[in-house]
Each structure stands twice: as C-alpha cells, then as structure tokens.
Amino acid sequence: AAQATGPRADTGRDAGIGRDAAMRRMMLAFLVAGFGALLVGATIGPLQALNYAGINAYPSLRPLLQTYYQGLTIHGVLNGYVFTFFVTCGLLVYLPARELGVTPGLAPWRACFGLMAAGTACLLYAMFDNSSSVLWTFYPPLKGSPFFYFGMTLLTIGSTMPLPILLAMRATWKRARPGQVTPLVTYMSLVTMLMWVMAGIGALAELVLQLDPWSIGLIAAVDPIIDRTLFWLTGHPIVYFWLMPAYISWYGLLSRQAGGKLVSDPMARLTFALLMVFALPVGTHHQFADPGFSQVWRGILVVLTMSVAMPSLITAFTLGLSLEYAGRLRGGTGLFGWFRALPWGDPSVAAQVLAAVTFILGGATGIVNGSWQLDAIVHNTIFVPGHFHVTVGSVTAMTFMAITFWMVPHLTGRRLVSRRLALAAAWLWFAGMMLFAVGMQWAGLYGVPRRAWISALPHGTYHALYGAASVPLALVAAGGVVLWLATYAFFAVFFGTILFGRRAAPPPVPFAQAIGGPADHAIDAPPSPAGAGPSPLARALEHVWILAGVTLVAAAAAYVPILWPFLHHVTRAPGWVLW
Ligand code: HAS
Ligand code: HEM
Ligand code: CU
C-alpha cells in the first residue's frame, strides 16, 4: 500500500498534492480526536485532586456524573487510552512517512482511526450511562456493560494497526536502498509498535476470552487473578507505549529544535530495543501484593524492573548531553549556563525540557515502586498516582502538547495564535504537576488510599483519618487548580490555532541530525565520509524480528510459571456492580 515519493517529501513538493493533503488531514484528525479526549479527561482530574483535600464537588455534578468512581473511570480511560492512542497512532505513521518520504497506506490508517473511534464511542456510552464504573484497569469481578468491554476491544485492536503500515513503508524504502539501516525515527516507531502489538496479547486475551463473553452472559463467572495477570501483561508495557512516542520526539526532534544535534544515534536505538525486550516480562510488578505466586519470582521481578529502568537512565544521559551541546552552541558556559541558554522562548522546546525534568521525579518513584519491600508501603496509596502523573501525566501529556506547537502550524499552515499563552500553558502544567505529584507522594506516605471518595466521609471522620496529611493534601488541591488553568491555556492555543491562526508558510518537520551514528540517511544530512558505514550496534539492532523473538521468549519465561498454577486453581467469581 505504500508508495515511494522520493526522499524529501517534506514540503509536499514530490508527493502528489492530493495524497499530501490527505496525510495532513488524517494526522490533524488523530490530533483533534486525541486532544478532544484529553480536554474531557483533564477537566475531571482536578475534581479528584479536590476530593483528596476534602472538597466534594460530585453532588453538584449530578446528573452528568453520579459518583466519584464514574468520573475516575472516565478520567483514566480518556486520558490513559483514548488520548494517548490517537496521538500515537497518528504520529507513529506521520513522522516516519515524512522521514522516509513515502506515503503511508491511507486505507489502513483510516481503518485504524475508524476502529478506535468506534471503540471510543462505545466506551463513552458505557461510562456516561453510569453502567461501567470499573476504573481504568477494569479488574473483574467489578462488572460493566458489554459496551465497555467491546469498546475496549475495538480500541485496542485499532491501536495495533500502524504496525503493518510501518512495515510496508520501511520495505518500500529499503527496496530502493539495499543494505542501509532504517532511519532513526522510523526505527524507533517500528520498535514501539512491535512492542505494543506483542504486549496487547494479554489484554486482548482477557477481553476476548473472558470479559466480552462474560458481559453478554455467555459465561457466568471469571477468574479475577488470571485476568489481573493478563491485564498487567499489557498494563506494564502500555506505560512504555506512552513513553516511547515522547522519546521519539526527544531523540528524533528535540535536539534540532533546541539548536543542536543528537549526540548518539545508536544509543537511541539501543534504548528502544531494551525497552521492548524488558517491557513485557515485568508486568507482574503491579501484583507484588497479589497472592498465589512464589517469593522467588517476586525477587526476580525486582531485578527485571531495575533492568527496564536502564534504558531510561541511558536516555537521561544521551538527552542531557544533547541538550548541553545545544546550549553550548548557543553560547551557554559553565556548569548550568548551557541549561539557561536553551531556547526557552520556544514553547515546544520549553514544554519538552520541563517534561524531562519532571521525569527525574517520575523515574525515581518508579524505582521505589519496583522495589518489592518499598512497594508494600506505597501500594494502593496515592503515592502511586503521584508517580504516574509525573510520567504519563507530564512526560507524555506535555511532550504531545509540545509537538502540537509545531505540528498544528505544520499541518494547517496557520501560525500559533499566541506563543506566550503556549509558554504559559507549558510552565503552568509543569508547576501544577510538580505541586500535585509531590503532594500525592508525600500524602501517600501517610497511607492516604488511592481510588477513595474520601471527601464524601463525614467531616469529623475525614479529619480524624487524614488530618495528619493536611499539608500535602493541600498541595494536591493547589496543583489541581493550577492544572485547570494550564489545561484551558493549552486548549485555547490548540483550537485557537486550528480555527483562527493567521496563514503562514508551514514549518518543516524538525528532524534532528546525529553526531554519532548512521546519519547518512537523515534528511538534510551531509553525506557520510566514504567508507563510514552504519555503526555495528545500529546494524545489529536492525534485526527487529530477532529482538521480537527474544522478547516473546522472555515474556513466556516470566509468565508461564506464574500463570500455570493459577490455571490449575481456577476461582469463579460472579460480577459485582458496586457504584
Ligand atoms: Fe510506573 C505503577 C515501576 C515508569 C506509569 N506506573 C504505575 C502506574 C502507571 C505507571 C500508570 O514496579 C499505575 C498503574 C495502576 O493504576 O495501578 N514505572 C516503574 C519503573 C519505571 C516506571 C521502574 N511508569 C513509568 C512510566 C509510566 C508509568 C514511564 C508512564 C508513562 N510503576 C512501577 C511499579 C508500579 C508502577 C512497580 C506498581 C506500583 C503499585 O504498587 O501499584 C521506570 O521505567 C522509570 C525509569 C525512569 C528513569 C528516569 C530517567 C530520567 C529522564 C529525564 C532526564 C532529564 C533531563 C533534563 C535530561 C530512570 C530520562 C535535564 C535537566 C536537568 C536539570 C539536568
Ligand atoms: C488518576 C488528577 C491529568 C491519567 C488520577 C487521580 C487524581 C488525578 C487525583 C487519582 C484518583 C484516585 O486514585 O482516586 C489529575 C489531574 C490532572 C490529571 C489534576 C490534570 C489535568 C492526567 C493525565 C493523564 C492522567 C494527563 C494521562 C495522560 C490518570 C490515570 C489515573 C489517574 C490513568 C488512574 C485512574 C484509576 O485509578 O482508575 N488523576 N490527573 N491524568 N489519572 Fe489523572
Ligand atoms: Cu509497571
């Protein structure tokens, strides 16, 4: 389905104008659908922050929202799945298409959008009619309506569709250039999608074999432990499906946007390969508190979890050095001068660098969670949402926002309505998320539970139970209010630009050049010196199918011993509808 259109289709010069316009329109549709979900999800989030400070807004929200748990389900599903999937399934086709100068298969890309849109429609119906307050993990025996599970099934299947599109584009490109390694952004996109398709097997098995038939009455009961295990086989890798697209922007574009170069292309490839191989086996670190599997496995899981943190540590250094290089080129000197010298006036750069700063806290708390003994202290407290709002809530959300700051002008030929408002959105989101996350993590250490409608408790009970955590809980609420401001500042820029931005020449995609590694294929890169082929590491990592095979073997080795005993001690739980 892919068609070669020459290596520099960036401006639409070589591509058929019709196809080029169709590509831009599709990409914009993915962005609008994804960010539309975020608008609803991020409007609800601060209500949850207020809940923890004892402010119960929910009685006044009826009949739109009946309970805290209904709102929380909508928040988690729209932000965690719908927002991220739409933006990612757009970017991971569009960016490689621009990098390779190849038109993607438009029919499968539209099918991807269509399946995910149908799934989202079912999910919205199920969540807003108050039948499916099963939270974002949809653990049985909590039971929702068939629309919820079938919607989730469609959304998940749709999200895997970019893989064949990418494979076809890469094959077209390679046919014309035998022996060359895949360009970096395409490579990273391909590894991300391969990882996700393999990871999706867990949740799809849970949905298709258990929850879908259960919801329509074909089977009477399900096994909660088996289903939780299948869920986390997908549920841990999903966090890298949120992270890796942000990394693609950090490695593939940000160093250029910041005025420098990526210091090492092979290290970026290594990061992605390691993330893929280690992502699947570690899912059960979300189940340290679950019964039924051996202590030895829990110990092994800690080691595996620390291994999956490695590629992010590599990223911290590679990205840090690339930013330092950019800052020094821009005249920054001394220990921190380079940091100040970054182009802070560019909202796209500012948002991404600030996102990276929040990830220092997000990564450190992840390592706390991954340490079995420490997890026993923080598990099921608001420390955990404190951890993941400085990962998916900042790294992913802010990087995607940052991408829209150049991409909406690129797609629409309209200038940002206001750079200052865009900058304000980035700084407010950063400040709000840091306040919020520090408050959540701190309060979690006092044992404040996650997923708890504590503002509905009688006043005296709330204070008796959580009064000791009143300072951190006030930070949570303050962070929530700042995040409301950030949200509306961002959406004013996003929709304002699409609708009212002044016409201007569309900027090109800011693909970065690399200092080290196979840069000879990169757009605008000078030809490499004669004889300097791709690095041996990049060449070895080109065998993505071998890496995928290793991933599957590692996942099987980690999951068969855990699932086997469960399969021999099946429990049968009927459904519960609690809210
Ligand atoms: Fe996590 C729970 C462990 C990363 C998301 N995680 C969650 C949940 C979510 C989530 C949503 O082991 C809750 C699920 C639920 O509802 O129950 N997580 C980890 C570990 C990592 C990690 C070890 N998580 C993520 C990412 C997420 C995410 C990424 C989303 C995008 N997580 C856990 C565990 C649990 C868990 C347990 C279960 C807890 C429980 O009890 O339920 C690692 O991948 C983290 C590695 C990251 C680093 C940071 C590198 C830093 C970088 C920035 C550098 C900055 C620069 C800027 C260059 C090591 C790359 C320069 C600036 C200067 C100032 C110099
Ligand atoms: C859960 C607040 C944005 C994803 C939560 C919780 C709070 C919260 C307080 C915990 C509720 C509880 O455990 O009872 C906020 C605020 C936001 C925001 C104030 C700012 C607008 C985001 C974003 C994402 C996200 C951008 C992802 C892209 C999630 C997920 C959950 C969650 C997946 C877990 C839901 C569950 O437990 O089922 N949020 N959030 N949030 N949030 Fe956010
Ligand atoms: Cu995990």
- Message: Which numbered condition in (1) more than 11 Å from ligand 2 (Cβ to nearest atom); (2) surrounded by 24 or more Cβ atoms within 10 Å (Cβ to Cβ); (3) more than 20 Å from HIS286 (Cα to Cα) is the only one that ARG419 fails?
- Response: (2)
- Message: Considering only the stretch 452-459, I want to know if a residue exists there that is out of contact with any Phe, Trp or Tyr (no Cβ under 7 Å at 6 or more places or on another chain) and more than 27 Å from PHE138 (Cα to Cα).
- Response: yes
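Conditions (1) out of contact with any Asp or Glu (no Cβ under 6 Å at 6 or more places or on another chain); (2) more than 9 Å from ligand 1 (Cβ to nearest atom); (3) closer than 25 Å to GLY447 by Cβ; (4) not β-branched (Val, Ile, Thr), marked per residue:
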{"residue": "ARG340", "(1), (2), (3), (4)": "yes, yes, no, yes"}
{"residue": "TRP344", "(1), (2), (3), (4)": "yes, yes, no, yes"}
{"residue": "SER348", "(1), (2), (3), (4)": "yes, yes, no, yes"}
{"residue": "ALA351", "(1), (2), (3), (4)": "yes, yes, no, yes"}
{"residue": "PHE359", "(1), (2), (3), (4)": "yes, no, no, yes"}
{"residue": "THR365", "(1), (2), (3), (4)": "yes, no, yes, no"}
{"residue": "LEU374", "(1), (2), (3), (4)": "yes, yes, yes, yes"}
{"residue": "ILE377", "(1), (2), (3), (4)": "yes, yes, yes, no"}
- Just give me the residues in the stretch 447-460 being within 16 Å of ligand 1 (Cβ to nearest atom) and not charged (D, E, K, R), in sequence order. GLY447, VAL448, PRO449, ALA452
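Regarding the stretch 314-323, can at least one residue be identified that is outside any helix (DSSP H, G or I), out of contact with any Cys (no Cβ under 8 Å at 6 or more places or on another chain) and either within 19 Å of MET276 (Cβ to Cβ) or among the polar types (S, T, N, Q) (or both)?
Our first condition is that a residue be outside any helix (DSSP H, G or I); within the stretch 314-323, this holds for none.
Taking every residue of the stretch 314-323 in turn, none turns out to be outside any helix (DSSP H, G or I), out of contact with any Cys (no Cβ under 8 Å at 6 or more places or on another chain) and either within 19 Å of MET276 (Cβ to Cβ) or among the polar types (S, T, N, Q) (or both).
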- Sole residue being part of a helix (DSSP H, G or I), touching a Phe, Trp or Tyr at 6+ places or on another chain (Cβ under 9 Å) and either of a type in the set (A, V, I, L, M) or more than 9 Å from ligand 1 (Cβ to nearest atom) (or both), chosen from LEU270, LEU254, LEU275: LEU275
- Message: Here's a check for you: in the stretch 169-198, which residue that is buried (at least 24 other Cβ atoms within 10 Å of the Cβ) and among the hydroxyl-bearing types (Ser, Thr, Tyr) is nearest to ILE157 (Cα to Cα)?
- Response: THR192
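Test of understanding: among ILE226, ILE201, which residue is more than 16 Å from ligand 3 (Cβ to nearest atom) and either outside any helix (DSSP H, G or I) or crowded, with 20+ Cβ neighbours inside 10 Å (or both)?
Values: ILE201 fails: either outside any helix (DSSP H, G or I) or crowded, with 20+ Cβ neighbours inside 10 Å (or both).
Every option except ILE226 fails the conditions.
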- When the stretch 437-451 is checked residue by residue, the ones that are closer than 19 Å to VAL481 by Cα and either more than 8 Å from ligand 2 (Cβ to nearest atom) or without any contact (Cβ under 8 Å) to a residue 24 or more places away in the chain (or both) are ALA437, VAL438, GLY439, GLN441, TRP442, ALA443
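For LEU499, indicate whether it is buried (at least 20 other Cβ atoms within 10 Å of the Cβ) and part of a helix (DSSP H, G or I).
When the stated conditions are applied, LEU499 does not pass them.
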- Item | Residues that are over 30 Å from TYR325 (Cβ atoms) and β-branched (Val, Ile, Thr), drawn from the stretch 470-514 | VAL471, VAL476, VAL481, VAL482, THR487, THR497, ILE498
- Query: Considering only residues of the stretch 324-338 that are surrounded by fewer than 17 Cβ atoms within 10 Å (Cβ to Cβ) and assigned to a helix (DSSP H, G or I), which is farthest from ligand 1 (Cβ to nearest atom)?
  - Reply: LEU329
- Message: Of everything in the stretch 430-442, what is within 15 Å of ligand 1 (Cβ to nearest atom) and under 16 Å from ALA355 (Cβ atoms)? Give them in sequence order.
- Response: PHE430, MET433, MET434, PHE436, ALA437
- Query: If you go through the stretch 235-266, how many residues are touching an Asp or Glu at 6+ places or on another chain (Cβ under 8 Å) and within 16 Å of ligand 3 (Cβ to nearest atom)?
  - Reply: 0
- Would the stretch 300-310 turn up any residue that is buried (at least 22 other Cβ atoms within 10 Å of the Cβ), within 16 Å of ligand 3 (Cβ to nearest atom) and within 18 Å of the chain's Cα centre (by Cα)? yes
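Given the criteria in contact (Cβ under 8 Å) with a residue 40 or more places away in the chain, within 11 Å of ligand 1 (Cβ to nearest atom), of a type in the set (D, E, K, R) and more than 20 Å from VAL395 (Cα to Cα), does ASP227 qualify? Show your work before the answer.
Working: in contact (Cβ under 8 Å) with a residue 40 or more places away in the chain: yes; within 11 Å of ligand 1 (Cβ to nearest atom): no; of a type in the set (D, E, K, R): yes; more than 20 Å from VAL395 (Cα to Cα): yes.
Taking the combined requirement at face value, the residue does not satisfy it.
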- Task: Would you check if ILE454 is more than 30 Å from PRO507 (Cβ to Cβ), crowded, with 17+ Cβ neighbours inside 10 Å, in contact (Cβ under 8 Å) with a residue 60 or more places away in the chain and among the aliphatic types (A, V, I, L, M)?
- Result: yes
- Which condition number in (1) touching a Lys or Arg at 6+ places or on another chain (Cβ under 6 Å); (2) buried (at least 21 other Cβ atoms within 10 Å of the Cβ); (3) not acidic (Asp, Glu) is the one that GLY259 fails? (2)
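Read the figures in this text as sums done on the coordinates, not as results from a lab. Not measured: the values here are computed from a predicted model. Every residue, glycine as well, gets a Cβ built from its backbone with ideal geometry; the counts of neighbours run over all protein chains shown.
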